Structures are given as C-alpha cells and as structure tokens.
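Written below as structure tokens is the structure these notes are about.
The values are calculated or read from the model by the stated rules, or taken from the named source; none is laboratory data. Computed from a predicted structure; not experimentally measured. Every residue, glycine among them, receives a Cβ derived from its backbone with ideal geometry; neighbour counts consider all protein chains shown.
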C-alpha cells in the first residue's frame, strides 16, 4: 500500500493527473519552484494537499492495483477532500478579510459540490463490477450526477472565486512562486478527483483490466477539453444561485441513483 501511495495509483499518478488537467484546461504547463514552497505555510499546505490527493487515489479500486484493496475506496473521500481543503488553511487563517472571504466561498462551494459528487461515486462503486440490466439505471444516473457535480466540486468557471470584490481571491498578497504552487495543488486535487469519478462512473470494473485505463484517459481528455471550450462563456454565480442549482438538478440525480441502487439490490 505504501508503494502504491507513492507510485501507482498514488502520488505520481496524482501529479500526472494534475499536470494533464492543467494542460488540457489552459493549454500551458505550470512553472513551479518547489524550493519556494518549503519556506512558507502556503507552500507546505499545498504540498500536504498534493500528498493527500495521492493517498486518496491509492485507495480507489484501480486496475493493476499492487495492493489489491477493492474496498479501501471508503477512505478515498477523506484523502481527496483534504487535497482541496488543506491548501485553503493558510488563506482561512490569514486574517485578511478579502482573502478569508474568498477562501470561505471556495470551501463552501467545493464542499457542497463534492458531497453531491461522492454521493454519486459511492453509488457507482457499490456495484462497480455489476453492469447488468438491473444495475444499469443506477450507473447511468450516477454518471449524470457526477458530470453535473464535478464543475461545482472543483470551482470551475461559474463556480470559481469571485474576484471583483476580493482582488486576487485566495492568492491576494502572495508572491508569484507561491501562487504557482497553490494553483498546482488545486490542479492536482481537481485532476485526481476527475480521475476517481471516471474510474467509478465508467464501466472500468468489467472486462479486461487493460481497457479501464483507456476509458479513463479518454473520458479525462473529453471532459477537460469540454470544460476548456466552455470556459469564460458562463457568468460567475453567487453562492445562493449555486446552491439552488445543485439542489434543483444534481441532488435529484444523485438521490435517484441511490434509489436505483436499492431497487437493483432487490432485483438481484
């Protein structure tokens, strides 16, 4: 499990997912000086977040997983949630009202979106290796809910920081090197979460194991590219509007997936 947490499907995998996510979303690779991160609390929090993302991925039921822990995904939620929240800790403790306001908004929106996303993911993972007619509705509803919840969970586009009042958002007052490392930590968390969601929602638990990485890679590229095309075309939403959107559209899909899971259990 330690080897998996460091190599595959752990920290190195999380870093690769984060770099790919940034490249697909912005078209540019990050330029980060890791040495600048070691002398600041923001940098250390970012590094801790990236480590948590790796541990979260290591707990998922990946194909060719060296530890072979199919039910360890119950711990993946904690690792990936910490991957988003740990880098926000310095901003929340900064004492600067604008920075704290931006960090609270990001934490509230992200936690709300990830709660909906994990409700869908857990439904899909509970029947990960079952794609019969009885379980197919649960899988499809979970996939739809995951697609709707992911942009909220990672703060993409309309769900991003509101900078009109807070200037640079959570980055206000940070030098460029620290902004780069905190952005990288967010990309690693977002890329890891997207990979975990695709692993759970796509039919990766059936068929030959070598097909699963192809499914995940293809889904990753398609979804990240779609987010890039839609970037900047939608207005920034206020927190109440985001909550209404999530409760009105995403939450019913996630709840329906859970109901379909119960029905599938009684049919089989």
Residues in the stretch 1-18 that are surrounded by 17 or more Cβ atoms within 10 Å (Cβ to Cβ) and modelled with pLDDT of 80 or more: how many? 9
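Out of everything in the stretch 100-112 that is under 19 Å from residue 157 (Cα atoms) and free of Cβ contacts under 8 Å to residues at least 60 places away in the same chain, what residue ends up being surrounded by the most Cβ atoms within 10 Å (Cβ to Cβ)?
Filtering the stretch 100-112 down to residues under 19 Å from residue 157 (Cα atoms) leaves 101-112.
With free of Cβ contacts under 8 Å to residues at least 60 places away in the same chain added as a condition, the list becomes 104, 107, 110-111.
Working: 104: 15, 107: 18, 110: 23, 111: 14.
Selected residue: 110.
Determine if the stretch 53-74 includes at least one residue that is outside any loop (DSSP other than H, G, I, E, B) and surrounded by fewer than 18 Cβ atoms within 10 Å (Cβ to Cβ).
Filtering the stretch 53-74 down to residues outside any loop (DSSP other than H, G, I, E, B) leaves 53-58, 72-74.
Cutting the leftovers down to surrounded by fewer than 18 Cβ atoms within 10 Å (Cβ to Cβ) gives us 72, 74.
Checking the stretch 53-74: at least one residue is outside any loop (DSSP other than H, G, I, E, B) and surrounded by fewer than 18 Cβ atoms within 10 Å (Cβ to Cβ).
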How many residues, within the stretch 75-99, are over 25 Å from residue 137 (Cβ atoms) and crowded, with 17+ Cβ neighbours inside 10 Å? 16
If you go through the stretch 246-255 one residue at a time, do you hit one that is in contact with a helix residue (DSSP H, G or I) (Cβ under 6 Å, 6 or more places away or on another chain), at pLDDT 95 or above and over 30 Å from residue 136 (Cβ atoms)? no
Can you name the condition, by its number, that residue 152 falls short on among (1) more than 10 Å from residue 200 (Cα to Cα); (2) out of contact with any helix residue (DSSP H, G or I) (no Cβ under 6 Å at 6 or more places or on another chain)? (2)
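Taking the stretch 64-99 only, how many residues are at pLDDT 90 or above and over 19 Å from residue 188 (Cβ atoms)? Reasoning before the result, please.
Of the residues in the stretch 64-99, the ones at pLDDT 90 or above are 76-93.
With over 19 Å from residue 188 (Cβ atoms) added as a condition, the list becomes 92-93.
Residues in the stretch 64-99 being at pLDDT 90 or above and over 19 Å from residue 188 (Cβ atoms): 2 in total.
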Kindly list, by first and then second residue, each pair from a residue in the stretch 81-92 that is on the phi < 0 side of the Ramachandran plot and outside any helix (DSSP H, G or I) to a residue that is at pLDDT 95 or above and buried (at least 20 other Cβ atoms within 10 Å of the Cβ), limited to pairs with Cβ atoms under 9 Å and residues at least 6 apart or on different chains. none
Only residues that are more than 23 Å from residue 154 (Cα to Cα) and outside any helix (DSSP H, G or I): list them for the stretch 29-44, please. 33, 38, 39, 40
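Run down 158, 208 and say which single residue is assigned to a loop (DSSP other than H, G, I, E, B) and more than 14 Å from the chain's Cα centre (by Cα). It would help to see each step written out before you state the result.
Working: 158 fails: assigned to a loop (DSSP other than H, G, I, E, B).
Result of the check over 158, 208: 208.
Among the residues in the stretch 187-196, are any out of contact with any strand residue (DSSP E or B) (no Cβ under 8 Å at 6 or more places or on another chain) and surrounded by fewer than 23 Cβ atoms within 10 Å (Cβ to Cβ)? Walk me through how you get there before you give the answer.
Step one: of the stretch 187-196, the residues out of contact with any strand residue (DSSP E or B) (no Cβ under 8 Å at 6 or more places or on another chain) are 187-196.
Filter once more, keeping what is surrounded by fewer than 23 Cβ atoms within 10 Å (Cβ to Cβ): none.
Looking for residues that are out of contact with any strand residue (DSSP E or B) (no Cβ under 8 Å at 6 or more places or on another chain) and surrounded by fewer than 23 Cβ atoms within 10 Å (Cβ to Cβ), one finds none in the stretch 187-196, hence no.
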In the stretch 113-155, which residue that is without any contact (Cβ under 8 Å) to a residue 60 or more places away in the chain and not in a helix (DSSP H, G or I) is surrounded by the fewest Cβ atoms within 10 Å (Cβ to Cβ)? 133
Working only within the stretch 233-252, note down all residues that are in a helix (DSSP H, G or I) and under 18 Å from residue 154 (Cβ atoms). 239, 241, 242, 243, 245, 246, 249, 250, 251
Residue check: is residue 49 within 25 Å of residue 180 (Cβ to Cβ) and either at pLDDT 95 or above or within 13 Å of the chain's Cα centre (by Cα) (or both)? yes
Of 47, 24, the only residue that is closer than 16 Å to residue 190 by Cβ and assigned to a helix (DSSP H, G or I) is 24
